[in-house]
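The values are calculated or read from the model by the stated rules, or taken from the named source; none is laboratory data. All figures in this text were calculated on a predicted structure; none of them were measured in a lab. Backbone-built Cβ (ideal geometry, glycine too); neighbour counts: all protein chains shown. Note: areas computed on protein heavy atoms with side chains; ligands, DNA, RNA excluded. Shrake-Rupley method; radii C 1.70, N 1.55, O 1.52, S 1.80 Å.
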Amino acid sequence: MSGILFLISAPSGSGKSTLVNQLRSLVKNLEFSVSYTTRAPRGSEQEAREYHFISSEEFQRMIDGGEFLEHADVFGKYYGTARQALTDAFAKGKDLLLDIDVQGASQVRAKMPDAVTIFLLPPSPDILAMRLRNRSRAEGAVREEDIRRRLARARAEIENYREYDYILVNDILDRAVEEMAAIVAAERMRRNSGPQNADDEELLAKAEQCRLRNSEARVRPVLQAFGVVNAEAAPV
Ligand code: ADP
Ligand code: 5GP
């Protein structure tokens with residue numbers, strides 16, 4: 001197995017699915033793992049497109065059978081990545097992208113230290129709340145309790161940003177998509193023959209700017225707005 005495993009985590013409502021959907025049409029040879037979940041489908045979600053929607057009993061059977069690479073309880077529902085997704089993608093010579101929460105990312109990192117990890121931040125708590133509300137409205141009903149729960153969890157998740165290799169801020173969607181595509185391209189170049197021309201060098205530079213250690217100026221105001229670091233805190 002020689003493909004690259006990419007993990008992306010973000011608080012719910014940050015725009016991760018939107019970003020990943022755009023990326024899928026832009027980047028070749030990158031498979032997207034469809035997770036299993038015990039939560040109900042939302043809005044226009046379809047079985048086997050966004051998730052495999054299964055019962056708690058089926059989920060437990062898969063845990064018992066050792067079928068998951070990782071699994072976690074998120075908002076009281078189970079979510080998990082099947083080992084098969086990895087085997088299938090790598091057997092086809094493709095790279096694989098997993099959209100998983102911080103608990104899942106930490107389980108996968110422990111098993112596969114070469115995985116490339118990306119954390120996507122929403123620009124601010126207010127914008128996150130607005131996106132969560134807009135999405136709920138589009139899907140039928142806004143449940144303020146649910147929005148509050150997701151905002152509280154967002155802060156707790158963001159506290160783990162230092163565990164990730166790259167940090168993106170999903171302010172302007174096109175920019176976040178370009179940066180994500182640059183990260184995929186840069187990691188592929190690093191493992192293959194390196195940059196071949198000026199375009200490759202540009203992609204490498206763009207990806208480099210998103211590395212945790214180079215993201216301080218962009219990331220600090222977001223962390224402060226979420227109360228994760230205060231103005232006097234040490235560098236990100
Ligand atoms: P997630 O997968 O992280 O839970 P979604 O992709 O469902 O989030 O996005 C949440 C909402 O925010 C959706 O209504 C989506 O259209 C909107 N959205 C995503 N990215 C942006 C962006 N950069 N600017 C404005 N709205 C966005
Ligand atoms: P949502 O219900 O909004 O689609 O997802 C809620 C959270 O579950 C998000 O943080 C998402 O990244 C996470 N998630 C989705 N699939 C998986 C998975 O297979 N494993 C883990 N650990 N988290 C997942």
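Check L97, L30 and return the single one that is touching a strand residue (DSSP E or B) at 6+ places or on another chain (Cβ under 6 Å), closer than 25 Å to E163 by Cα and within 16 Å of ligand 1 (Cβ to nearest atom).
Just a single option satisfies the conditions, and that option is L97.
Results for (1) outside any helix (DSSP H, G or I); (2) modelled with pLDDT under 95; (3) closer than 19 Å to F75 by Cβ, shown as yes or no for each residue.
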site	(1), (2), (3)
A181	no, no, no
A186	no, no, no
R190	no, yes, no
P195	yes, yes, no
E202	no, no, no
A205	no, no, no
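Which residue pairs have Cβ atoms under 7 Å apart, sit 6 or more places apart or on different chains, and have a first residue in segment 158-179 that is over 18 Å from E202 (Cβ atoms) and within 10 Å of ligand 1 (Cβ to nearest atom) and a second that is part of a loop (DSSP other than H, G, I, E, B) and polar (S, T, N, Q)?
Filtered contacts from segment 158-179: N170/S14.
I'd like the full set of residues that are open to solvent by 60 Å² or more (accessible area, probe 1.4 Å) and polar (S, T, N, Q), limited to segment 126-152.
Correct list: N134 only.
Just to check your reading of the model, which residue among L98, L132 is in a helix (DSSP H, G or I) and either touching a residue at least 12 places away in the same chain (Cβ under 8 Å) or in contact with a Lys or Arg (Cβ under 6 Å, 6 or more places away or on another chain) (or both)?
The match here is L132.
Just checking, does segment 180-189 include any residue being of a type outside the set (D, E, K, R), open to solvent by 60 Å² or more (accessible area, probe 1.4 Å) and touching a helix residue (DSSP H, G or I) at 6+ places or on another chain (Cβ under 9 Å)?
no
Looking only at segment 61-76, count how many residues are surrounded by 13 or more Cβ atoms within 10 Å (Cβ to Cβ) and more than 18 Å from D101 (Cβ to Cβ).
Total meeting the criteria: 1.
For the structure I just gave you, tell me whether R39 is open to solvent by 60 Å² or more (accessible area, probe 1.4 Å) and either of a type in the set (K, R) or assigned to a loop (DSSP other than H, G, I, E, B) (or both).
When the stated conditions are applied, R39 does not pass them.
Out of everything in segment 1-36 that is in a loop (DSSP other than H, G, I, E, B) and within 13 Å of ligand 2 (Cβ to nearest atom), what residue ends up being surrounded by the fewest Cβ atoms within 10 Å (Cβ to Cβ)?
This residue is V34.
Could you check segment 139-179 and list, in sequence order, the residues that are more than 16 Å from ligand 2 (Cβ to nearest atom) and either under 18 Å from V74 (Cβ atoms) or part of a helix (DSSP H, G or I) (or both)?
Across segment 139-179, the qualifying residues are E144, R162, L173, D174, R175, V177, E178, E179.
If a residue must be assigned to a helix (DSSP H, G or I) and open to solvent by 60 Å² or more (accessible area, probe 1.4 Å), how many such residues does segment 207-231 contain?
Total meeting the criteria: 9.
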